[in-house]
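See below for the structure under consideration.
The values are calculated or read from the model by the stated rules, or taken from the named source; none is laboratory data. Just so you know, these numbers come straight off a predicted model, no measurement behind them. No Cβ is skipped: glycine too gets one built from the backbone with ideal geometry, and neighbour counts run over all protein chains shown. The protein model used for the area step is the full one, side chains on, heavy atoms only, and it has no ligands, DNA or RNA in it. Shrake-Rupley method; radii C 1.70, N 1.55, O 1.52, S 1.80 Å.
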Amino acid sequence: MDTPAISIRALRKSYGRHEALKGIDLDVAPGEILAFLGPNGAGKTTTINILTGLLRQSRGEVHYSGVLFDPEKLPQKRIIGVAPQHNNLDRDLSVAENLKVHGLLFGLRGGELARRIDECLAVMDLQEYAVRPAHELSGGLKRRAVIARALLHSPRILFLDEPSAGLDPLSRRNIKALVRRLNREFGVCVFLTTHYIEEADGLAARVAFIDRGKLAALDTPENLKAALGAYAVEYAVGDDYDVRYFNDRAAAVEAAQGLVRDVRIREVTLEDAYLKLTGKKLEEGVDA
């Protein structure tokens with residue numbers, strides 16, 4: 001078996017008496033896209049910050065390609081690229097200049113730096129915007145520039161934190177297509193967080209659910225949904241809604257006919273799977 005690109009063992013993090021992470025174990029294979037999903041407060045942000053070197057864990061270990069991760073060592077940080085949720089480009093620099101500064105920080109110089117800038121601009125379809133100041137870009141173009149910058153030092157693992165947050169539907173589709181291309185053509189392992197369930201469903205080979213600092217499930221999107229059924233019948237109960245799940249549409253239609261208020265039939269989603277496993281919706285809570 002190949003050495004995991006990311007290996008997390010017994011990962012814990014405490015803030016005083018509050019334990020944000022309670023012993024996470026997780027392996028991500030080379031070239032895999034893994035979606036890491038959970039509501040605010042579940043421990044998702046804490047995990048990402050530890051994995052990207054912004055925070056120290058209380059206990060446990062993180063290995064990248066079999067090597068213990070130490071964020072103080074630059075050669076190890078070269079393994080990963082990070083595209084944060086917020087567009088933190090230098091607004092007064094051009095797209096190419098933002099990439100150049102990043103490359104210099106990672107020790108790239110001269111012809112090698114110029115070549116990587118050109119390659120990353122091409123991969124993210126940004127050539128025509130290379131000399132455009134970052135503050136003049138649309139939200140979708142800024143996201144592409146942030147990802148291009150994260151790729152500049154040729155990382156084997158790419159962390160994408162809410163890559164489509166705040167974007168219009170067309171820009172979200174474009175980002176999704178670019179992520180799929182990066183993974184397919186360049187073999188980049190992608191660790192993805194997103195609030196767009198369809199994005200995780202369409203991109204990820206596996207999905208990890210986190211709840212209250214623990215992994216609640218780890219499986220393919222298909223298996224997580226199939227555990228409930230193929231179709232959901234959603235209906236009003238007083239001032240709230242309830243859901244019943246069925247393996248075939250005919251059974252769902254028959255059940256819906258016996259209900260009288262605000263009934264709809266839809267396909268089962270990862271949101272359903274998370275709610276069934278944890279009793280929570282993915283958008284609930286406060287970040288931790």
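Observations on the model:
- Using the 1.4 Å probe convention, the accessible area of segment 219-287 works out to 62 Å² per residue with neighbouring protein chains retained.
- Segment 15-34 and segment 210-288: distance between their alpha carbon centers, rounded to Å: 25
- Long-range HN-HN contacts of Val82 with modeled amide H, under 5 Å: Phe159
- Under-17-angstrom lysine pairs by C-alpha in the chain, whenever the two are 8 or more apart or on separate chains: 16
- Accessible area per residue in Å² at 1.4 Å probe, computed on segment 1-90: 48
- Electrostatic tally near Phe186: other residues with Cβ closer than 14 Å to its Cβ, Lys and Arg +1, Asp and Glu -1, net +2.
- Shape of segment 199-285, Cα gyration tensor, a/c cut at 1.5: oblate
- For Thr52, net neighbour charge (Lys/Arg +1, Asp/Glu -1) across residues whose Cβ lies under 15 Å away: +4
- Taking a Cβ cut-off of under 13 Å around Glu222, the surrounding Lys, Arg, Asp and Glu residues balance to a net charge of -1, with basic ones at +1 and acidic ones at -1.
- Every pair of different Cα atoms in segment 178-248 enters the Kirkwood calculation, which places the hydrodynamic radius at 14.6 Å.
- Surface accessible to a 1.4 Å probe, per residue, for the residues of segment 114-201, Å²: 41
- Look at the Cα gyration tensor of segment 19-91: its axes a ≥ b ≥ c give a/c under 1.5, and that counts as rounded.
- Base-10 log of normalised Debye intensity for the chain (one unit scatterer per alpha-carbon) at q = 0.11 Å⁻¹: -0.71
- Counting only whole DSSP H helices of the chain, the ones at least 15 Å long by C-alpha along their axis and with mean Kyte-Doolittle hydropathy no lower than 0.5 are 95-105.
- Loop trypsin sites (Lys or Arg not before Pro), segment 1-77, which have at most 15 other Cβ atoms in a 10 Å radius of their Cβ (DSSP): Arg17, Arg56, Lys73
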